[in-house]
Amino acid sequence: MDFTNSNNLFSEAKRYIPGGVNSPVRAFKSVGGNPVFFERGVGSKMYDVDGNEFIDYIGSWGPHLFGHNPPFIKSALIEAIDNGTSFGAPNELEVKMAKIIKELVPSVELVRMVNSGTEATMSAIRVARAYTNKEKIIKFEGCYHGHADYFLIKAGSGALTLGVPTSPGVTKSNAADTLLADFNNIESVKNLINQNKDNIAAIIIEPIAGNMGVIKADENFLVQLRNLCNEEKIVLIFDEVMSGFRVAAGGAQEILGIEPDLTTFGKIIGGGLPVGAFGGKKAIMQMIAPEGQVYQAGTLSGNPLAMAAGYAALSYIKEHPEIYVQLEKNSSYLEQGFKENLKKLNKNFAINRVGSMLCMFFTEAEVNDYKSAVSSNTELYAKYFHEMLNAGIYLPPAQFEAMFISTVHSLNDLDNTIKAHYNSLKKVIN
Ligand SMILES: *Cc1c(COP(=O)(O)O)cnc(C)c1O
C-alpha cells in the first residue's frame, strides 16, 4: 500500500502539533511506523488520504456502534445545526437525553452531561469524595479512566505501598490519594481498605475492561466488591465510558446484574461527537451544583449538536434491542474464524471477547488481569498490525486496546478479516 500522502502530512503535523497527533495512541508509537491520515468514513470502511480503503475495527475508539456516519445520526445533526450550534442555556434535547439515559440504565437517577469521558470520571470522583467526606480512591491496575492527574498512577514496585505517577507533571500527593488494586482480586481490595480504614471515598472500575485488552470482571468478584462498598460506605463507580451501550443497552451493569452507585459514560453516548456523562443515585448526584455545593460546570456541556447526535444514537438503541443479538452473532463469527485460524497455525493465543469488544493477545496464558495481559508479545502484535494494515484491515495500533465490531460490518467484511488474519499471522509467527 502506498502511504505517501499520509507520510507527508505526518511530517508537517509534527511541526505544529506535539508528536503530530492530538491523542498519543494515534501516533503508532507502540507498533512503529507512521500513522495513517484519514479523509472519510462510511459504514464499516475508512478511506485515507492516499485513496486506500480499510475495514475499520476501531470505530473512533468505541463511539461508532453503527459504523461511520450512519444516516440517522447525520440527519439529526443537520436538523440541529439549522437551529444553531450552541446556546449556553437550557435546551429540550438535554432533557430528552437525560431521560433516555435513565430509561436505558436504571441505576442512573440523575445525570449530568459533560464533554468527554475524562470529565465524567474526574467529576464522579469529586462528588464521591464530597458525599463520603473521605479522600482516597481505589483504582485497578490496567484500567483506564481518562487523563485526570489522580488516575495517572500505577502501583509502586516491590514493597512500596504508595502508588507512583505514570506521567511527569502528576504530583506525589495525587499519587498518595490513589490506591492500586489488582483486577479480579478481592483480597487486594480488602488489604487496601484495611490499611486505609475509613479513608476510601470511592472504588472505580471498568466492569468490562477494554484498556488492557478486553477483560471481563469476574461476577463473583464484582458481587464482593459491591458488598464491600456497602459495608465500608464507599461509592462504587462503574466506568462504562467504553462498555456503556456497547455490550448491552444497559451496559456492563445490565449483563452483570450489579448496580453501581455512580456510572460514567462517553464514546457511544455522543454518537460520534465529544460527549461524556456521569450519573447515579439521587442522594449523591443532588450534591452537584447548583442543587448542591459540589462545583462542576462546562461552557459547552449539553451542547445541542452533541445532544442531537447522542440522542439519535440512544433512541436507535432503545427502539432496536435486536442490534445486540446481531452484534453478538457477528462478533462470535469473527472470534470463531480467528480461533480456527489459530488452530490451523498451531497457536493457542488468548482471545477475550464480550459482545462486540474483542482482543487477541499474543500469549497462550489465560488473560484475566493486568499481569497476564502484559505477558503478551507486543513485538509480534506490532508485526501483525502492519500485515493487517497492508491487507486493508485497520486495527488498534496497540496490543492493549479493544477491536470493535459495528452493526454495519457485513459478513463479507468479516470473512475478508478472517482471511487477512490467517495470512498475517502465518507471516509473523514463524
Ligand atoms: C475512553 C475512556 C475514558 C476517557 O474518555 P475520553 O473521552 O477519552 O476522555 C475513560 N474511561 C474509559 C473506560 C475509557 O474507555
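The values are calculated or read from the model by the stated rules, or taken from the named source; none is laboratory data. All figures in this text were calculated on a predicted structure; none of them were measured in a lab. Note that we place each Cβ from the backbone using ideal geometry, even for glycine, and neighbour counts take in every protein chain shown.
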Residue check, E387 part of a helix (DSSP H, G or I) and either surrounded by fewer than 16 Cβ atoms within 10 Å (Cβ to Cβ) or within 19 Å of the chain's Cα centre (by Cα) (or both): no
Residues (closer than 22 Å to Y333 by Cβ and buried (at least 18 other Cβ atoms within 10 Å of the Cβ)) located in segment 392-407: I393, Y394, L395, P396, E401, A402, M403, F404, I405, S406, T407
Scan of segment 307-358 for residues that are loosely packed, with under 15 Cβ neighbours inside 10 Å and either on the phi > 0 side of the Ramachandran plot or of a type in the set (G, A, S) (or both), ordered by number: N346
Count of residues meeting criterion [under 28 Å from A248 (Cβ atoms) and touching a residue at least 24 places away in the same chain (Cβ under 8 Å)] in segment 372-387: 2
Residue under evaluation G158, criteria (1) more than 30 Å from E335 (Cβ to Cβ); (2) part of a loop (DSSP other than H, G, I, E, B); (3) modelled with pLDDT of 95 or more; (4) of a type outside the set (D, E), criterion not met: (3)
Selection within segment 124-155 - of a type in the set (A, V, I, L, M, F, W, C) and not in a loop (DSSP other than H, G, I, E, B): A124, I125, V127, A128, A130, I137, I138, F140, F151, I153
Residue ID - surrounded by the most Cβ atoms within 10 Å (Cβ to Cβ), chosen from residues in segment 66-81 that are among the β-branched types (V, I, T) and over 23 Å from A248 (Cβ atoms): I81
Filtered residue count, segment 393-424, keeping only those that are farther than 22 Å from M242 by Cα, touching a Lys or Arg at 6+ places or on another chain (Cβ under 9 Å) and touching a residue at least 60 places away in the same chain (Cβ under 8 Å): 2
Check on G156, away from the ligand (no atom under 16 Å from the Cβ) and touching a Pro at 6+ places or on another chain (Cβ under 8 Å): no
F38 being under 28 Å from I73 (Cβ atoms) and free of Cβ contacts under 8 Å to residues at least 40 places away in the same chain: yes
Complete set of residues in segment 79-123 that are among the aliphatic types (A, V, I, L, M), more than 21 Å from H320 (Cβ to Cβ) and part of a loop (DSSP other than H, G, I, E, B): A89
Segment 128-185, subset among the charged types (D, E, K, R) and without any contact (Cβ under 8 Å) to a residue 40 or more places away in the chain, residue farthest from I234 (Cα to Cα): K172
Matching entry among P274, P304 (being more than 19 Å from the chain's Cα centre (by Cα) and surrounded by fewer than 24 Cβ atoms within 10 Å (Cβ to Cβ)): P304
The one condition in (1) hydrophobic (A, V, I, L, M, F, W, C); (2) within 11 Å of the ligand (Cβ to nearest atom); (3) in contact with a helix residue (DSSP H, G or I) (Cβ under 8 Å, 6 or more places away or on another chain) that A209 fails to fulfil: (3)
Condition broken by G244, with the remaining ones in (1) surrounded by fewer than 24 Cβ atoms within 10 Å (Cβ to Cβ); (2) within 14 Å of the ligand (Cβ to nearest atom); (3) of a type outside the set (V, I, T) satisfied: (1)
Test result for N5, in a loop (DSSP other than H, G, I, E, B) and either modelled with pLDDT under 95 or not basic (K, R) (or both): no
Selection count where residues are among the aliphatic types (A, V, I, L, M) and assigned to a loop (DSSP other than H, G, I, E, B), scope segment 161-174: 2
Single residue of G163, G117 found to be crowded, with 21+ Cβ neighbours inside 10 Å, within 16 Å of the ligand (Cβ to nearest atom) and either under 25 Å from G272 (Cα atoms) or more than 21 Å from the chain's Cα centre (by Cα) (or both): G117
Qualifying residue in segment 392-415 (condition: outside the structural domain of M212 (by TED's automatic domain parsing), part of a helix (DSSP H, G or I) and over 30 Å from P71 (Cβ atoms)): no
